[in-house]
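Structure, as structure tokens:
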Amino acid sequence: MKLGALPYRYTPPWRSSMSGDTVSLGNRNVYMLPTRNGFIFSLLLFVLLLAAINYENGLIYALTFWLASVGVISMLHTHRNLLGLKIVAGPVQPVFAGDRALFSVCLINNLKIPRLGITVEHEKNEIARIDIEAGDRMCLPLPMATKRRGYVDMPPLVLSTQYPVGLLYTWSRRVKLNHRSIVYPQPGPYRPIIGSIDREQSRDTGHKGEGDDFIGLREYQRGDSPRHVDWKAAARGLGLHTKRFGGEARSTVWLDWEALNGLDTETRLSQLCRWVLDAEEEGMVYGLRIPGTDITPASGEAHRRTCLEALALFDD
């Protein structure tokens, strides 16, 4: 290492991030610089001061110091507009890969003064410009594109303001909240559910199409009733399959990883995701078997969410 070289890359404090479940803006993470108009304003004050000294004119002195006091007061208001503002994450719903995750961020003003002209930015792109009344809170949507399954973190934000007169620009350090959303695999195309039937847990009335509970599909056989044929699958060119129905007790359908031999990992996960959605929509009792995980058969929204989360977080 060369003499005098730093063993790490130095990051200025105003470019670093602050993280947590809740972030409050304080003196150490709010910064301020003059804007372009602020530099012009300072130059004007300097010219007025030179004119006042040269001509010994009391009115020019008064105007110069009055304008300077306006600049100092605007500095205090600009800095206070962000100081003490609290930032928390709102609720977020799971999405499928390729959809937009809709995060939300809430700005809380606990002071007895309003916060005006606050800009919320992500990667130098303005998301919104808002005003927050005293003692109020404002929640903003924060959409983010998703490309693959798994967890996606909430994007970092920067808050800034030029209130009240635009002479000074105040901004915060990057705010990175400890919040994330789960992204399910993208559902594959429609395909008949081909899963194993657990006969130990319930009574199956056979393959005659009797009963009211849909328990799965099998290959079409001559003599099967046309009303039990899965015509949707046939219309998609997937061949003829016959729907199977159980009797009083519903049979358990296992959505099995091994039923999709010959497909790559992501394709299998997408197809299993489609089967979970279809099985839940059909009111089936279903379980999920993937390498390293067996989810006990059940039905309902909570069970559907458990299965989709297992697929989203699968690691081979």
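The values are calculated or read from the model by the stated rules, or taken from the named source; none is laboratory data. Just so it is clear, the model here is predicted, and its values are computed rather than measured. Every residue, glycine as well, gets a Cβ built from its backbone with ideal geometry; the counts of neighbours run over all protein chains shown. SASA here: full protein model, heavy atoms, side chains in, ligands and nucleic acids out. Shrake-Rupley method; radii C 1.70, N 1.55, O 1.52, S 1.80 Å.
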If we keep only residues of region 30-44 that are within 23 Å of Ile130 (Cα to Cα) and out of contact with any Phe, Trp or Tyr (no Cβ under 6 Å at 6 or more places or on another chain), then the residue surrounded by the most Cβ atoms within 10 Å (Cβ to Cβ) is Val30
Picked from region 78-121 (must be free of Cβ contacts under 8 Å to residues at least 60 places away in the same chain and among the basic types (Lys, Arg)), the residue nearest to Ile132 (Cα to Cα) is Arg115
Considering only strands (runs of 3 or more DSSP E) wholly within region 45-126, the ones with at least 2 residues that are open to solvent by 30 Å² or more (accessible area, probe 1.4 Å) and closer than 17 Å to Pro164 by Cα are none
Residues of region 296-316 being free of Cβ contacts under 8 Å to residues at least 40 places away in the same chain, in contact with a Phe, Trp or Tyr (Cβ under 9 Å, 6 or more places away or on another chain) and either among the aromatic types (Phe, Trp, Tyr) or not in a helix (DSSP H, G or I) (or both), in sequence order, are Ala298, Ser299
Take Val165 and tell me if it is of a type outside the set (Gly, Ala, Ser) and either touching a helix residue (DSSP H, G or I) at 6+ places or on another chain (Cβ under 8 Å) or within 17 Å of Thr22 (Cα to Cα) (or both).
yes
Taking the criterion of being basic (Lys, Arg), exposed (fewer than 14 other Cβ atoms within 10 Å of the Cβ) and part of a loop (DSSP other than H, G, I, E, B), would at least one residue in region 137-147 satisfy it?
yes
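Name the residues in region 164-178 that are assigned to a loop (DSSP other than H, G, I, E, B), crowded, with 18+ Cβ neighbours inside 10 Å and either modelled with pLDDT under 90 or basic (Lys, Arg) (or both), would you?
Hit for region 164-178 is Arg173, nothing else.
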Checked against (1) buried (at least 23 other Cβ atoms within 10 Å of the Cβ); (2) modelled with pLDDT of 90 or more, Trp257 satisfies every condition except (1)
